[in-house]
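Here is the structure we will look at.
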2 protein chains.
Amino acid sequence: MISERLRQTPLYEQVRTEILQRLVSGYWKPGEPLPNEFDLAAEFGVSQGTVRRALGEMAARNLVTRIQGRGTFVREYDSRWALFHFFHVVEADGTRHEPKTELISHRLAPAGERVAKALGIGPEDRATWMERVRLLDGRPVIYETVVVPDAIFPGLGLVNVIPSSIYVLYEQFYGVLVSTAEEDLSALPASAEAARHLGIAEGTPVLAIERIAGALDGRRVEWRLSLCDTREHRYRNHLGG
Amino acid sequence: MISERLRQTPLYEQVRTEILQRLVSGYWKPGEPLPNEFDLAAEFGVSQGTVRRALGEMAARNLVTRIQGRGTFVREYDSRWALFHFFHVVEADGTRHEPKTELISHRLAPAGERVAKALGIGPEDRATWMERVRLLDGRPVIYETVVVPDAIFPGLGLVNVIPSSIYVLYEQFYGVLVSTAEEDLSALPASAEAARHLGIAEGTPVLAIERIAGALDGRRVEWRLSLCDTREHRYRNHLGG
DNA sequence: TAGTGGTCTAGACCACCAC
DNA sequence: TGGTGGTCTAGACCACTAA
């Protein structure tokens, strides 16, 4: 029950926050339908229109999916959405292809200064380190290092199989839904290691994407450094509109 | 007057489209207030709520600014908004600074194959070419080439002064409001020319941002190639949320 | 105080889906 | 056919701005 009339915050924001907390807490799980608007309105003690507004905003943020005639559903992780939202690799002609992923290494180790600072944890805190190569048409185009805190993903460093879409793993095994990312882009000469994995000469310019991914509840859950060979591919950004 | 009840498209979309066309056509000019919701509703033959929804969506897309107690205003170009929306240069520590701009050259010439293809014009069509350097703390960090069709910006190639924020010029002198951008990012070795302007060694990796900017009415109005020295600065992207 | 946008409600009707 | 979300309306009241 919401409906405190002393409110400084609008009712629809309170409703949105309450619904969000239920998603975060797992009270409603990905893929499940929410109660309909009238039931939610009755439960929260507001009108249907207020619930509608809250749900509409959540749909705009991709937290729920609304389907006319069927209902409102907790968003399931869609690898294509992620791929194109967080990783817009395109061919020179603008077409998009889904890269394949090969896991190179995978271990438990301290986070270290740089990652710790990015994720807001201690440098000695344990984390799972993964190295991967992404391939397009069988040729390596991205060499990346992914680091996640063991406190948030316990045991991930010991698992045998890491699926290609790691964000699906985060969601389905740990209930962590990645919803935001902050990326810092720069150009670097390829290190010896990166050059080896990408099959290019050491010192070749590579696009470096340092990403901090955030979960629904605002926690920073992943640090990632992607080194991209952009001689034949581009990283695309669409802004505005 | 809208309100055709045979509609396939919702009324609020028709209202939005009609208002957008008035912005594009200059019927309402940047900075000017729109009529209030009731007057617009009466003019279009819809209810206030429908106008409200149309305006709310336009506010979300940054086309108008709504201020409680004052009214709804046609958005004026805000250089800071653009800078951070289209060009998020950040220091290593994440702070943002507005770069200064120096115009290096400025001439009228054919668009050429690459630009013509990007802008959807003919390679022989005339265009204004501008070269600029952007500086942070007096040091060059970005060397960029900006090309715009003479058909859209007639005489720009002959003007003496080009202001630092070129998008303000587009808007105030030509009524062209840049609202979208598509960017392709890659890493390149600095050419001799870029190296000279950036004060770096030839072959140093630079971040290349090839941008096609779109106007409110959907026309592609600018092609731009920015070569960024990212040794001490980053280009930041915020996704999701 | 008058006028604006912001919130909230209540209810009608439509479009779509599943059964 | 019944239930869902989508659109649209009408009207009340609030919050903010400006004169």
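Percent of C-alpha pairs per 10 Å bin in the protein assembly as shown, short distances first: 4, 16, 24, 25, 20, 10, 2. Between A:Arg22 and B:Asn62, the simple label model (points 7 Å from Cα in the Cβ direction) yields a spacing of 3.4 nm. Would you mind checking segment A:45-70 for residues with the amide N under 20 Å from a putative spin-label position 7 Å along Cα→C-beta of B:Ser47? So the set is A:46-57.
Note that segment A:175-236 carries a Kirkwood radius of 12.8 Å, evaluated over its alpha carbons pair by pair. Shape call for segment A:19-65 from the C-alpha gyration tensor, a ≥ b ≥ c root eigenvalues: rounded (a/c under 1.5), prolate (a/b greater than b/c) or oblate? Judged from the Cα gyration tensor, segment A:19-65 comes out oblate (a/c at least 1.5, b/c at or above a/b).
Shown here for segment B:194-241: trypsin sites (Lys or Arg not before Pro) in loop regions (DSSP other than H, G, I, E, B) with at most 16 other Cβ atoms within 10 Å, namely B:Arg219, B:Arg231.
Applying both filters, DSSP loop and at most 11 other Cβ atoms within 10 Å, to the trypsin sites (Lys or Arg not before Pro) of segment A:27-81 gives A:Arg70. Overall dimensions of chain A, expressed as equivalent-ellipsoid semi-axes from the Cα gyration tensor (√(5λ), whole Å, largest first), are 38, 21, 16. When the Cα positions of A:Ala42, A:Ala60, A:Ile19 are compared along the charge dipole of segment A:4-74, A:Ala60 comes out farthest toward the positive end, with charges on each C-beta of Lys, Arg, Asp and Glu. When you restrict to C-alpha pairs under 8 Å that are six or more residues apart and normalise by the size of chain A, the relative contact order lands at 15 percent. A simple charge model with +1 on the Cβ of Lys and Arg, -1 on the Cβ of Asp and Glu and nothing else charged puts the dipole of chain A at about 400 debye relative to its Cα centre.
Label-point spacing for B:Thr9 across the identical copies (point 7 Å from Cα in the Cβ direction), in nm and ascending order: 3.7. A DSSP coil position with no more than 11 other Cβ atoms inside 10 Å describes the following GluC sites (Glu not before Pro) in segment B:123-164: B:Glu124.
Rounded to the nearest whole Hz, the Karplus-based 3J(HN,Hα) values (6.51 cos²θ - 1.76 cosθ + 1.60, θ = phi - 60°) of segment A:9-18 follow the sequence 9, x, 4, 5, 6, 4, 4, 4, 4, 4, with x at glycine and proline. Rounded to the nearest Hz, the phi-derived 3J(HN,Hα) couplings of segment A:179-195 under the Karplus curve 6.51 cos²θ - 1.76 cosθ + 1.60 (θ = phi - 60°) are 10, 9, 8, 10, 10, 10, 10, 7, 10, 9, x, 4, 5, 4, 5, 4, 4, where x marks glycine and proline. Placing unit charges on the Cβ atoms only, positive for Lys and Arg and negative for Asp and Glu, gives the protein assembly as shown a dipole magnitude near 720 debye about its Cα centre.
Copy-to-copy label distances for A:Arg66, where each label lies 7 Å from Cα along Cα-to-Cβ, are 1.6 nm in order of increasing length. If the segment from B:Lys117 to B:Glu202 were pulled out straight at 0.36 nm per residue, it would be longer than the present Cα-Cα gap by 27.8 nm.
Just checking the listed ones, A:Tyr170, A:Tyr12, A:Tyr27: in the Gaussian network model of chain A with Cα springs under 10 Å, the one fluctuating most is A:Tyr27. Can you list, shortest first in nanometers, how far B:Gly112 lies from the same residue in the other copies, with each label 7 Å from Cα toward Cβ? Taking the point 7 Å beyond Cα along Cα→Cβ, the inter-copy spacings are 4.1 nm.
No value in this document is a laboratory result; all are computed from the given coordinates. Since the model is a prediction, treat every value here as computed from it, not as a measurement. Cβ sites come from the backbone with ideal geometry, for glycine too, and all protein chains shown count toward neighbours.
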